[in-house]
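Have a look at the structure below before the remarks.
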Amino acid sequence: MKREIHKWYSPNLNKEMEVAVYGHYGFALLMFPTAAADYLEYERFKLIDSIAHLINDGKVKAFSINSINNESWLNRSMHPSNKAIRHQQYNQYITDEVVPFIKTHTSDTTPIVTTGASLGALHAANSFFRRPDLFAGTIAMSGNYDLKSYTGGYYDDNCYYNSPIDYLPHWNDENILNMLRNRSIIIASGQGAYEDPDASRRLSDILHSKAIPHWLDLWGHDMPHDWQTWRQMLPYYLDNINF
């Protein structure tokens with residue numbers, strides 16, 4: 001498998017950020033780490049191995065990026081308002097730096113699909129819902145899409161506009177909704193230990209209310225909030241979607 005590590009100094013984040021790139025061709029898969037993890041997490045936990053056949057066959061080119069969750073929602077010493085500001089800077093890093101980077105390593109017309117597990121699922125889904133003009137779809141696994149679960153009760157505009165459970169019900173712009181209706185959206189969860197399938201159901205209900213087609217896929221009670229679940233989910237979905 002072709003594997004490259006790239007890094008650059010991010011003007012949006014004022015720090016050096018790395019990206020691991022796997023593969024040579026195919027649609028782009030933008031991978032957001034879980035919790036406080038880094039750009040090599042999906043490699044360490046064998047998720048990259050689970051989709052290696054798709055990467056080697058040229059169906060998928062994967063881009064695994066770094067998180068800054070330790071500098072935002074998981075930083076207990078930071079005021080929630082500053083966490084939200086840092087999160088917005090991360091959003092700008094994605095749209096202004098990562099997306100152009102992906103295009104230079106694919107093409108201007110190559111579809112980009114976001115994915116992630118756990119907290120990475122929130123980032124993947126939120127990035128997609130906010131910018132369906134940039135992304136062709138999302139595969140969100142085992143996520144909680146209510147940002148308030150990370151804010152300790154704090155709430156402002158930056159929190160609202162990064163909490164899909166809050167902003168999606170109020171979106172009435174038909175241009176944006178029609179873009180979402182023509183994208184591939186997969187909301188998946190196990191129902192085993194530490195999973196919260198109701199979080200996926202709530203997001204699905206909102207999408208239904210907006211007539212946005214999507215695939216809500218709840219796996220069995222033997223599927224926990226852990227890597228063995230995501231190593232089964234991601235290749236299954238990538239095998240069953242085409243761009």
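Answer yes if at least one residue in region 74-82 is modelled with pLDDT under 95 and under 26 Å from Leu238 (Cβ atoms), and no otherwise.
No; the residues of region 74-82 include none that is modelled with pLDDT under 95 and under 26 Å from Leu238 (Cβ atoms).
Being surrounded by 13 or more Cβ atoms within 10 Å (Cβ to Cβ) and not acidic (Asp, Glu) narrows it down to one of Ala188, Ala211, so name that one.
On the way: Ala211 fails: surrounded by 13 or more Cβ atoms within 10 Å (Cβ to Cβ).
Checking each option against the conditions leaves just Ala188.
Just one of Ala35, Ala20 is surrounded by fewer than 16 Cβ atoms within 10 Å (Cβ to Cβ), touching a helix residue (DSSP H, G or I) at 6+ places or on another chain (Cβ under 9 Å) and under 25 Å from Arg130 (Cα atoms); which is it?
So the residue among Ala35, Ala20 that is surrounded by fewer than 16 Cβ atoms within 10 Å (Cβ to Cβ), touching a helix residue (DSSP H, G or I) at 6+ places or on another chain (Cβ under 9 Å) and under 25 Å from Arg130 (Cα atoms) is Ala35.
Applying the selection to region 9-66, what residues are touching a Lys or Arg at 6+ places or on another chain (Cβ under 8 Å) and aliphatic (A, V, I, L, M)?
Within region 9-66, Met17, Val19, Ala20, Val21, Ala28, Leu29, Leu47, Ile55 meet the criteria.
Mind listing just one residue for me: the one in region 222-242 that is in contact (Cβ under 8 Å) with a residue 24 or more places away in the chain, over 17 Å from the mean Cα position of the chain (by Cα) and not in a helix (DSSP H, G or I) and, of those, farthest from Ile185 (Cα to Cα)?
Asp222
Looking at Trp215, Trp171, which one is out of contact with any Ser or Thr (no Cβ under 7 Å at 6 or more places or on another chain) and closer than 30 Å to Arg231 by Cβ?
On the way: Trp171 fails: closer than 30 Å to Arg231 by Cβ.
When all the criteria are applied, what remains is Trp215.
Restricting the search to region 118-144, which residues are within 15 Å of Gly26 (Cβ to Cβ) and either surrounded by fewer than 19 Cβ atoms within 10 Å (Cβ to Cβ) or of a type in the set (Gly, Ala, Ser) (or both)?
Answer for region 118-144, where residues must be within 15 Å of Gly26 (Cβ to Cβ) and either surrounded by fewer than 19 Cβ atoms within 10 Å (Cβ to Cβ) or of a type in the set (Gly, Ala, Ser) (or both): Ala136, Gly137.
Evaluate the following for Thr115: is it buried (at least 21 other Cβ atoms within 10 Å of the Cβ) and touching a strand residue (DSSP E or B) at 6+ places or on another chain (Cβ under 9 Å)?
Yes, satisfied.
With the condition being among the aromatic types (Phe, Trp, Tyr), closer than 22 Å to Trp8 by Cα and within 17 Å of the chain's Cα centre (by Cα), I'd like the helices (runs of 4 or more DSSP H) fully within region 32-104 carrying at least 2 qualifying residues.
Result: 80-93.
Quick check on region 57-68. Is at least one of its residues surrounded by fewer than 18 Cβ atoms within 10 Å (Cβ to Cβ), on the phi > 0 side of the Ramachandran plot and in contact (Cβ under 8 Å) with a residue 24 or more places away in the chain?
yes
The values are calculated or read from the model by the stated rules, or taken from the named source; none is laboratory data. Quick caveat: nothing in here was measured; it's all calculated off a predicted structure. Note: ideal-geometry Cβ built from the backbone for every residue, glycine included; neighbour counts use all protein chains shown.
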